[in-house]
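Report on the structure given below.
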Amino acid sequence: MSARALVALLAAALTTALAAAPGATAAERPPRLQAKSAILIEATTGDVLVRKAAARERPIASATKLMTALLALEDVSLGDTFAAAAYSPAAVESKIDLRPGEHMRVRDLLRALLLESANDAAVTLAEGVSGSRSAFVRDMNRRARQLGLKHTSYANPIGLDDPDNFSSAADLVAVARRLERNPFFARTVDLPRATLRTGARDRTVINRNTLVRRVGWVDGIRTGHTNTAGYVLVGSATRDGVHVLSAVLGEPSEAARNADSEALLRYGLSRYRRATLLARDDVLARAKVRHREEDAIGLESSRRVTRVIRRGQRARVSVAAPAVLEGPLPRGARAGTATVRVGGDVVARVPLVTSRPVPEVGWPERAWRAVGRPEVLVVVLALALGGSVLIAMRRRRVRTA
């Protein structure tokens, strides 16, 4: 084999190995999506990693129920009981077959809403919270305005196709981010299934978000589908302290919806890390003790700062602290501030505190230290010498007289 052929063979082998290696450069690129609109954010900071027509207004199908759930969680108690609304769903609608007047607690209605996407549960919650469906829709739109959702409008609490029922990928993750602050919601959307214990009989509901059942680190949130909206999924994933949210709208199939969502969430988890930007008790500066300048007191961070940041990002810490401290001060006395920045943004301001007590330097020590200073010794010696000369001169005058 010629040298040229050997080089070509090695190059081909290296290319193949790099392509097959985990974490190759392809993993650093956002996935190609079939969705008409999509977004991917880091949930704790709201940092946007992927955006595709994220502000475009589109029908959202049962993702509408996220706002239905938000109003119920904000306005009533999980232990409240509502009578089932008179609602006649079409055969193709998702439902738990509530009979008019049947009583069910809000927590079970929400589980039916969030897992099974039950339309009869949605209508029952709407009437129970606001008194009527029309009043509830007004409340949905009012809350959307309060949350700053500029590309969202609601026409019903279910998500049935209507020209006035739409949202955007960006607005959907904003609602999901708000909802995840509620522990009941976060636990519920991560369940593969749940049993409803209230109502006329026990019912078991299955989570329609199959990614929750299939992918261990996927923990929510809400699917949707109508002929007009296509397939919709608002997704959530958490791993190693990193939490990301996604939304895909206008997908051509359930398989495409799941594939795009999983690819987005996986990509998001790979691009962030939870980092300790500042450790508690880190000594970030030192201050001298007034009147005892050779003594220095460490100024340390009063708390730990952790944050999810993009891989490759680094934190910068700047310190504003006094150069000299005067005691007495106890250990832990505030003395300055550390400012932590990531990518130009201030992410934390942390008080600096003394690492040990700052002693009080009393007058005797001050005087002793003052006497010991070279310039003071020169003055003292000069005064002493001058005084001795004066005394000698006076004695000589006395003897002469």
(message) Whether any residue in region 64-77 is of a type in the set (Gly, Ala, Ser), in contact with a Phe, Trp or Tyr (Cβ under 7 Å, 6 or more places away or on another chain) and within 29 Å of Ala169 (Cβ to Cβ) is what I want to check.
(response) yes
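This table checks each residue for (1) touching a Leu at 6+ places or on another chain (Cβ under 9 Å); (2) among the small types (Gly, Ala, Ser); (3) surrounded by fewer than 17 Cβ atoms within 10 Å (Cβ to Cβ).
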{"residue": "Ala91", "(1), (2), (3)": "no, yes, yes"}
{"residue": "His103", "(1), (2), (3)": "no, no, yes"}
{"residue": "Leu109", "(1), (2), (3)": "yes, no, no"}
{"residue": "Asn119", "(1), (2), (3)": "yes, no, no"}
{"residue": "Val129", "(1), (2), (3)": "yes, no, no"}
{"residue": "Ser132", "(1), (2), (3)": "no, yes, yes"}
{"residue": "Arg145", "(1), (2), (3)": "no, no, yes"}
(message) Only one of Arg274, Arg280, Arg286 is part of a loop (DSSP other than H, G, I, E, B), free of Cβ contacts under 8 Å to residues at least 40 places away in the same chain and of a type in the set (Lys, Arg). Can you tell me which?
(response) Arg280
(message) I'm trying to understand the selection: among the residues of region 294-314, which are over 17 Å from Val346 (Cα atoms), in contact (Cβ under 8 Å) with a residue 12 or more places away in the chain, in a strand (DSSP E or B) and out of contact with any Asp or Glu (no Cβ under 8 Å at 6 or more places or on another chain)?
(response) Asp295, Ile297, Gly298, Leu299
(request) Kindly indicate whether any position in region 103-125 is more than 34 Å from the chain's Cα centre (by Cα) and without any contact (Cβ under 8 Å) to a residue 24 or more places away in the chain. (result) no
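Every number here is computed from the coordinates shown, using simple stated rules; none is lab data. As the structure is a prediction and not an experimental result, all values here were calculated from the model. Positions of Cβ are generated from backbone atoms using ideal geometry, with glycine treated the same way; all protein chains shown enter the neighbour counts.
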